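Trainee: Before anything else, here's the structure in question.
The values are calculated or read from the model by the stated rules, or taken from the named source; none is laboratory data. Since this is a predicted model, take the numbers as computed values, not measurements. Note that each Cβ is placed from the backbone with ideal geometry, even for glycine, and that neighbours are counted across all protein chains shown.
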Amino acid sequence: MLKTSLFFVAIALIALLLADLEISTLHPWTELSRMAWGAITPDVASLWNLKLALLNTVVFAFCGIFLGVVLGIGLACAFRFNPVRLFCAFIRAIHEIFWAFIFLPIVGLNPTCGVLAIAIPYAGIFAKVYAEIIQESDRRPLEGVPKASGGLSRFVYGILPVIYADTKHYTGYRFECALRSSAILGFIGLPTLGFHLETAFREGIYSEAWALLYAFYILIVSLGYWLKPRLVPLYVAVSFVLLSRTITVSWENIVRFFTYDLLPWPMRRDGVLDGTREISFAWKPIVSWVNEIFVHEAWEGIWNTVVLTQVVLVGTGIFALLSFPFACRHFSGKIANRISHYGLIVIRTTPEYILAYILVQLWGPSMLPAVWAILLHNGAILGFLCSNNADLVPLRIDAPGRRIDRYLFEILPRVYGQFLAFLFYRWEVMMRESAILGILGIYTLGFYIDSAISDDQIDKAILLILITVLLNMGIDSVSQFVRHRLKISTKLVTSL
Amino acid sequence: MKPSPSTELFNLTAESVAYENNIVLKNISLQIDRGEKVALVGPSGAGKTTLLRRLYNSVADQSAFVDQHYALVLQLSAFHNVYTGRLDQYSTVHNLLNLIKPQKKVLQEITPILQALGMEEKIFDKVGAMSGGQQQRVAVARAIYRGEDILLADEPIASVDPLQAGTVMEIIIQNTETVVVSLHAVEFALKFAQRIVGLSDGEIQFDLPTGDVTPTMLTELYRNGNSL
């Protein structure tokens, strides 16, 4: 494990040398002080005007999660078939924002687009996690259920009660993620919190921006008080009613998207030029079209995405290892513990996209803001988990008194395997985030996808998204290989 | 119920079984007829569980099994766990309804069984919150509720206190035509079974009517196991 860790640290150091970490803004610190002033003078009154955006954020999340759960259960039932497994890996490898880009030309910039952008990747995630929960659950109770009882009866009596708590917990956690996704989707123009957050930050109205952020934190922290299982059906129903007023689906658009917009430009060019919209087909121009994109955009995008991912992978690990003792009962007093605990929650609650957006405003577009944004968000998630796991470690009565000894000899060895497994588990997530932050002007794959969308080149955007997917699935299998070789697992951890 | 003579139920001849945990049955020959009440005794690791599972596999669709580890759904109530014994006899719709709201008819069927086992007050308690002895009685109740003619039970009174153990055995023996039960407590085997099969180290050491089993044979049986 140590060897592998050091190997990845070495890669990250090389990547760090190659990364562009420049601060390009002229007065980063004045802007920061204005931002800090906004943080202590939030414009709460402005929230009243933005209530609809807050409501939309929640509505999108409910509808998206609901559809994701329904589709996910269906897919989980068939998860033992390899094509289904692959399909799930495929749809979850595409970030919500990229999904929104894909749905944009089909359904337009409206709530349906936002809901689908959440539902589809989440369905892939739910399918995988539900299937894993069932697989790892205690199967003995099922033995007591007569074999001839019929699939559904066997499931509700022999499996569902056993997995219910884990599934509920995980789905609840995912709802929190969906709120983040929903908020972020505002950054590309959907009517959620992110839309106003972006406007406020861009125009420097920091008091309003902070009010929105605080509202978002309160929304997430208060989840435990209003997200009761028995109320969920009501919430979902109301959300769909609210959403239904704006559903617009045009078959014409869908058909055109799949049969025309999607096709590589060389196939459409002649038809566009002579106005007939005819489709022509020839290998050579298509190959050179693909080649062109690779040479000018894709390779650079891939390179930067990988460099950024490797830096944040190790950065996240370091942040987590340094931060978790502060939130762990074996190292600090009760009050310091609570403060660190909530500190980590606040950092992990802030979507990495928003963190990156703020940092880009401060430092200008380079890898520096992206590194810190992904590192802080994931590091806080991981640190929180590690501290929870470390809290479970019973310390022997004659354990070393000095904290550093305790850390190195008692706690770290016990939590390191799980920590590493979880870090590698997040590897794929970090890569997805690295790609997406390109939208903010960092030259990762997202930058080129965003440009293609702005230029109305859907064919090119789709090709680049496919490349991102392949990269993601590649990283996922490397991660699985590493975890398998090190014989480490994230088991015991139910929230990811 | 009087068994008609020579209705053979189990017939193993010179059978060897290798099972997970390396417990192996060596060269077992065993005939059991309908209507017999047989106890399997022997030290831990003798192969009692393996033999019971082997027997169960040949009559799975017409028998009930009491698992040594209860195999209960800890998250469900005693009532629902007992009900799973007959899941295959009701429609899926009925099963779902009964999960949401216990049906009167089912309740009337299950209450007397749990009552007889001294568990009527716990009927709607979650099994996960119960003691081992209580869980074991729920497992027995489920097997009884299944209502098959054959019952195979693996240590069904291991966790039940000695006072109730007699009641549990009584219920098992009286409600089912054919019973094969493995027992750690030899005195219960002597009291309730008509026939005792002594097993150690995967082999049958003796197979006799209860009256013919002597204390020396039992001592010998357990000594064999311990020396290995």
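Trainee: Against the condition more than 17 Å from B:Glu177 (Cβ to Cβ), of a type outside the set (Gly, Ala, Ser) and within 14 Å of chain A (Cβ to nearest Cβ), how does B:Asn27 come out, does it pass? Show your work before the answer.
Mentor: Numbers: more than 17 Å from B:Glu177 (Cβ to Cβ): yes; of a type outside the set (Gly, Ala, Ser): yes; within 14 Å of chain A (Cβ to nearest Cβ): no.
So B:Asn27 fails the test.
Trainee: Okay, next question. Filter the stretch A:121-151 down to the residues that are farther than 22 Å from B:Asn98 by Cα and either among the polar types (S, T, N, Q) or in contact with a Pro (Cβ under 6 Å, 6 or more places away or on another chain) (or both), then identify the one that is nearest to the other protein chains (Cβ to nearest Cβ).
Mentor: Checked the stretch A:121-151; the qualifying residue nearest to the other protein chains (Cβ to nearest Cβ) is A:Ser137.
Trainee: Also, I was wondering about something else. Going by the conditions given, is B:Leu96 over 20 Å from B:Thr111 (Cβ atoms) and at the interface with chain A (Cβ under 9 Å from one of its Cβ atoms)?
Mentor: It is true that B:Leu96 is over 20 Å from B:Thr111 (Cβ atoms) and at the interface with chain A (Cβ under 9 Å from one of its Cβ atoms).
Trainee: While we're on this one: Those residues that are closer than 14 Å to A:Ile358 by Cα and in a helix (DSSP H, G or I), I need them from the stretch A:8-29; list them, please.
Mentor: A:Pro28, A:Trp29, listed by residue number.
Trainee: Let me ask something else about it. For the stretch A:315-337, name all the residues that are over 15 Å from A:His377 (Cβ atoms) and assigned to a helix (DSSP H, G or I). Please lay out each step first, then the result.
Mentor: Start the filter on the stretch A:315-337 by keeping residues that are over 15 Å from A:His377 (Cβ atoms), which leaves A:321-322, A:324-337.
Result: A:Leu321, A:Leu322, A:Phe324, A:Pro325, A:Phe326, A:Ala327, A:Lys334, A:Ile335, A:Ala336, A:Asn337.
Trainee: Then there's this: State whether the residues of the stretch B:146-158 include one that is among the β-branched types (Val, Ile, Thr), in a loop (DSSP other than H, G, I, E, B), crowded, with 23+ Cβ neighbours inside 10 Å and more than 14 Å from chain A (Cβ to nearest Cβ).
Mentor: Yes, because at least one residue in the stretch B:146-158 is among the β-branched types (Val, Ile, Thr), in a loop (DSSP other than H, G, I, E, B), crowded, with 23+ Cβ neighbours inside 10 Å and more than 14 Å from chain A (Cβ to nearest Cβ).
Trainee: Then there is this: Within the stretch B:45-63, can you find the residues that are among the aliphatic types (A, V, I, L, M) and modelled with pLDDT under 90?
Mentor: Residues satisfying the conditions are B:Ala46, B:Val59, B:Ala60.
Trainee: Looking at the stretch A:245-254, is at least one residue of a type in the set (Val, Ile, Thr), part of a helix (DSSP H, G or I) and modelled with pLDDT of 90 or more?
Mentor: Initial filter on the stretch A:245-254 (of a type in the set (Val, Ile, Thr)): A:246-249, A:254.
Now drop any that are not part of a helix (DSSP H, G or I), which leaves A:254.
Filter again for modelled with pLDDT of 90 or more, leaving none.
No, every residue in the stretch A:245-254 fails to be of a type in the set (Val, Ile, Thr), part of a helix (DSSP H, G or I) and modelled with pLDDT of 90 or more.
Trainee: Which members of the stretch B:68-91 meet the condition of being without any contact (Cβ under 8 Å) to a residue 12 or more places away in the chain and under 18 Å from the mean Cα position of the chain (by Cα)?
Mentor: B:His69
Trainee: Moving on to the next point. Scan A:Ala390, A:Ala461, A:Ala399 and give me the residue that is in a loop (DSSP other than H, G, I, E, B) and either of a type outside the set (Phe, Trp, Tyr) or over 27 Å from A:Ile97 (Cα atoms) (or both). If you could, list the steps in order and put the result at the bottom.
Mentor: Values: A:Ala390 fails: in a loop (DSSP other than H, G, I, E, B); A:Ala461 fails: in a loop (DSSP other than H, G, I, E, B).
Going through A:Ala390, A:Ala461, A:Ala399 in turn, just one is in a loop (DSSP other than H, G, I, E, B) and either of a type outside the set (Phe, Trp, Tyr) or over 27 Å from A:Ile97 (Cα atoms) (or both): A:Ala399.
Trainee: Sticking with this structure for a sec: Search the stretch A:22-44 for residues being among the hydrophobic types (A, V, I, L, M, F, W, C) and touching a residue at least 60 places away in the same chain (Cβ under 8 Å), and hand back the single one that is surrounded by the most Cβ atoms within 10 Å (Cβ to Cβ).
Mentor: Ranking the candidates gives A:Met35 first.
Trainee: Identify the residue in the stretch A:188-200 that is of a type outside the set (A, V, I, L, M) and buried (at least 22 other Cβ atoms within 10 Å of the Cβ) and, among all such residues, is farthest from A:Asp43 (Cα to Cα).
Mentor: A:Thr192
Trainee: Now for a different question. Are there any helices (runs of 4 or more DSSP H) wholly within the stretch A:145-224 with 1 or more residues that are among the polar types (S, T, N, Q), modelled with pLDDT under 95 and closer than 26 Å to A:Ser239 by Cα, and if so which?
Mentor: A:160-185, A:193-202
Trainee: Let me ask another. Which numbered condition in (1) more than 21 Å from B:Ile144 (Cβ to Cβ); (2) facing another protein chain (nearest Cβ under 9 Å) is the only one that B:Ala60 fails?
Mentor: (1)
Trainee: Still on this structure, I have one more. Return the total of residues in the stretch A:78-115 being farther than 23 Å from A:Trp251 by Cβ and assigned to a helix (DSSP H, G or I).
Mentor: Kept after step one, since they are farther than 23 Å from A:Trp251 by Cβ, are these residues of the stretch A:78-115: A:78-90, A:92-98.
Remaining after also requiring assigned to a helix (DSSP H, G or I): A:82-90, A:92, A:96-98.
Result for the stretch A:78-115: 13.
Trainee: Turning to a different aspect of this structure: Would you mind finding the one in A:Ala200, A:Ala237 that is under 29 Å from A:Thr350 (Cβ atoms) and of a type outside the set (S, T, N, Q)?
Mentor: Step by step, each of A:Ala200, A:Ala237 is checked, and only A:Ala200 is under 29 Å from A:Thr350 (Cβ atoms) and of a type outside the set (S, T, N, Q).
Trainee: Could you tell me how many of the residues in the stretch A:152-167 are more than 7 Å from chain B (Cβ to nearest Cβ) and surrounded by fewer than 20 Cβ atoms within 10 Å (Cβ to Cβ)?
Mentor: Number satisfying all stated conditions: 6.
Trainee: Which of the residues belonging to the stretch B:115-133 are without any contact (Cβ under 8 Å) to a residue 40 or more places away in the chain and more than 15 Å from B:Ala158 (Cβ to Cβ)?
Mentor: Those that are without any contact (Cβ under 8 Å) to a residue 40 or more places away in the chain and more than 15 Å from B:Ala158 (Cβ to Cβ): B:Gln115, B:Glu120, B:Glu121, B:Ala129.
Trainee: Let me ask something else about it. Tally the residues that are of a type in the set (Ser, Thr, Tyr) and crowded, with 20+ Cβ neighbours inside 10 Å, restricting the search to the stretch B:128-145.
Mentor: Counting residues in the stretch B:128-145 that are of a type in the set (Ser, Thr, Tyr) and crowded, with 20+ Cβ neighbours inside 10 Å gives 1.
Trainee: So is A:Pro229 surrounded by 13 or more Cβ atoms within 10 Å (Cβ to Cβ), in the same structural domain as A:Ala53 (by TED's automatic domain parsing) and either modelled with pLDDT of 90 or more or under 28 Å from A:Tyr170 (Cβ atoms) (or both) or not?
Mentor: Criteria not met by A:Pro229.
Trainee: Sticking with this one: Which one of B:Phe79, B:Phe65 is more than 9 Å from every other protein chain (Cβ to nearest Cβ), under 23 Å from A:Arg140 (Cα atoms) and outside any loop (DSSP other than H, G, I, E, B)?
Mentor: Answer to the check: B:Phe79.
Trainee: Here is a further query. Quick one: which residue in A:Gly401, A:Gly383, A:Gly364 is touching a Ser or Thr at 6+ places or on another chain (Cβ under 7 Å), assigned by TED's automatic domain parsing to the domain that holds A:Asn337 and over 20 Å from A:Ile23 (Cβ atoms)?
Mentor: Step by step, each of A:Gly401, A:Gly383, A:Gly364 is checked, and only A:Gly383 is touching a Ser or Thr at 6+ places or on another chain (Cβ under 7 Å), assigned by TED's automatic domain parsing to the domain that holds A:Asn337 and over 20 Å from A:Ile23 (Cβ atoms).
Trainee: Mind listing whichever residues of the stretch A:403-434 are surrounded by fewer than 19 Cβ atoms within 10 Å (Cβ to Cβ) and among the charged types (D, E, K, R)?
Mentor: If the condition is that a residue be surrounded by fewer than 19 Cβ atoms within 10 Å (Cβ to Cβ) and among the charged types (D, E, K, R), then A:Arg403, A:Asp405, A:Arg406, A:Glu410, A:Arg414 are the ones that fit.
Trainee: Determine whether the stretch B:173-183 contains at least one residue that is polar (S, T, N, Q) and touching a Lys or Arg at 6+ places or on another chain (Cβ under 6 Å). It would help to see each step written out before you state the result.
Mentor: The initial filter retains those residues of the stretch B:173-183 that are polar (S, T, N, Q), namely B:174-176, B:178, B:182.
Filter again for touching a Lys or Arg at 6+ places or on another chain (Cβ under 6 Å), leaving B:178, B:182.
Yes - at least one qualifying residue is present in the stretch B:173-183.
Trainee: Here's another thing I want to ask about it. Give the stretch A:1-21 a look and list any residue that's surrounded by 12 or more Cβ atoms within 10 Å (Cβ to Cβ) and of a type outside the set (A, V, I, L, M), or say none.
Mentor: Of everything in the stretch A:1-21, those that are surrounded by 12 or more Cβ atoms within 10 Å (Cβ to Cβ) and of a type outside the set (A, V, I, L, M) turn out to be A:Thr4, A:Ser5, A:Phe8, A:Asp20.
Trainee: If the requirement is being under 14 Å from the mean Cα position of the chain (by Cα) and either closer than 20 Å to B:Thr49 by Cα or touching a residue at least 24 places away in the same chain (Cβ under 8 Å) (or both), which of these qualifies: B:Phe206, B:Phe192?
Mentor: B:Phe192
Trainee: So which residues in the stretch A:338-366 are assigned to a loop (DSSP other than H, G, I, E, B) and farther than 23 Å from A:Ile220 by Cα?
Mentor: If the condition is that a residue be assigned to a loop (DSSP other than H, G, I, E, B) and farther than 23 Å from A:Ile220 by Cα, then A:Gly364, A:Pro365, A:Ser366 are the ones that fit.
Trainee: Identify, by number, the condition in (1) in the same structural domain as A:Arg348 (by TED's automatic domain parsing); (2) surrounded by fewer than 17 Cβ atoms within 10 Å (Cβ to Cβ); (3) touching a residue at least 12 places away in the same chain (Cβ under 8 Å); (4) part of a helix (DSSP H, G or I) that A:Ile279 doesn't meet.
Mentor: Only one criterion in (1) in the same structural domain as A:Arg348 (by TED's automatic domain parsing); (2) surrounded by fewer than 17 Cβ atoms within 10 Å (Cβ to Cβ); (3) touching a residue at least 12 places away in the same chain (Cβ under 8 Å); (4) part of a helix (DSSP H, G or I) is unmet by A:Ile279, namely (4).
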